[in-house]
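Colleague: Sharing a structure below in structure tokens format, with a few things to ask.
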Amino acid sequence: MDKVIAKGAPAAESAGGNRQSERSAQSDKKMFEAAIELINERGTAKTTLKDIGEHAGYSRGLASYRFGSKDGLWLELFDKFDDIWKDHIGSYIEGKTGLEALRCAIHAQRDIFRVESGYLRAMYILWYESLGEASDIRASLAHHHKIYRRDVARWLEQGVEAGDFSDDIDCQQLAGLYCSMMFGAIYQWVVAADALDLDAFFAYLEEMLTFYVTNARH
């Protein structure tokens, strides 16, 4: 009997630990969702950890206990959105290079407006409201922008090497221009969702960039 109990104890503890992990993951998910809703509704300054915990259906102190501060929660939201974006664009550009990768990246950006509209809007509100201070969020955002420009420059360089693009293009400058257009489009959409016809905008962007990279001359 004692041996049976001894053998079963670790399994019971493991099951209990798994259930606790599942409950923690579920509460985090609900609080992330609550934070997204509240940021979209009232912005970050008027969203408190207490509000987030209560809106998610938990005690007012759970969000503070879990994340420590609003910046702690914002950084986790940032990381979560970054994972969402990586998975999303990765499914479009996997195995693709050069012009094909550039086109698929444009399609991925177009489609995330629809599949993750709440998250996208909340993240950009958070980012724009973080620009006026030296914060971990601002530093992380600057780092990610550098990565975005690097990725676009790499696709452009691949196109030049393959002979698909004109060798006159400045890949670094064009990557900066590409990202500026993308982030500018998102900014317009956050301010007024009806400001852009997304399908028409991204179709024209794809046509314009394709023409330029294949015909550029200084």
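Bear in mind these aren't lab numbers, they're just calculated from the coordinates by the rules spelled out. Owing to the predicted nature of the structure, the values given are computational and were not obtained by experimental measurement. As a convention, Cβ positions derive from the backbone with ideal geometry for all residues, glycine included, and neighbour counts pool all protein chains shown.
Colleague: Using a simple charge model, +1 on the beta-carbon of Lys and Arg, -1 on the beta-carbon of Asp and Glu, nothing else, what dipole does the chain show about its Cα centre, in debye to the nearest 20?
Modeller: 900 debye
Colleague: Give 50/80; 50/86; 29/80; 29/50; 30/80; 30/70 a once-over and call out the pairs whose C-alpha atoms are over 19 Å from each other.
Modeller: Going by Cα-Cα distance, 50/80; 50/86 fall outside the 19 Å limit.
Colleague: Using a cut-off of 15 Å between beta-carbons, work out the net charge of the residues near residue 64 (Lys and Arg +1, Asp and Glu -1, residue 64 not included).
Modeller: That sum, taken over residues with Cβ under 15 Å, equals -1.
Colleague: Using amide H atoms built 1.01 Å from N in the peptide plane, name the residues 5+ places from residue 165, or on other chains, whose amide H lies under 5 Å from its own.
Modeller: 160
Colleague: Mind sorting out which of [x] 29, 26, 16; [y] 27, 20, 18; [z] 41, 24, 15 is the real semi-axes √(5λ) of the Cα gyration tensor in Å computed from the coordinates?
Modeller: Answer by label: [z].
Colleague: Under a crude label model (7 Å from the Cα following the beta-carbon direction), how far is residue 37 from residue 71 in nanometres?
Modeller: For residue 37 paired with residue 71, the spin-label model returns 2.8 nm.
Colleague: For the range 156-162, in order, what is each residue's ³J(HN,Hα) by Karplus, 6.51 cos²θ - 1.76 cosθ + 1.60 with θ = phi - 60°, in whole Hz (x at glycine and Pro)?
Modeller: Those phi angles translate into 5, 4, 4, x, 5, 4, 7 Hz.
Colleague: I need the phi-derived Karplus couplings for the range 89-99: 6.51 cos²θ - 1.76 cosθ + 1.60, θ = phi - 60°, integer Hz, Gly and Pro marked x.
Modeller: 5, x, 5, 8, 9, 3, x, 10, 9, x, 4
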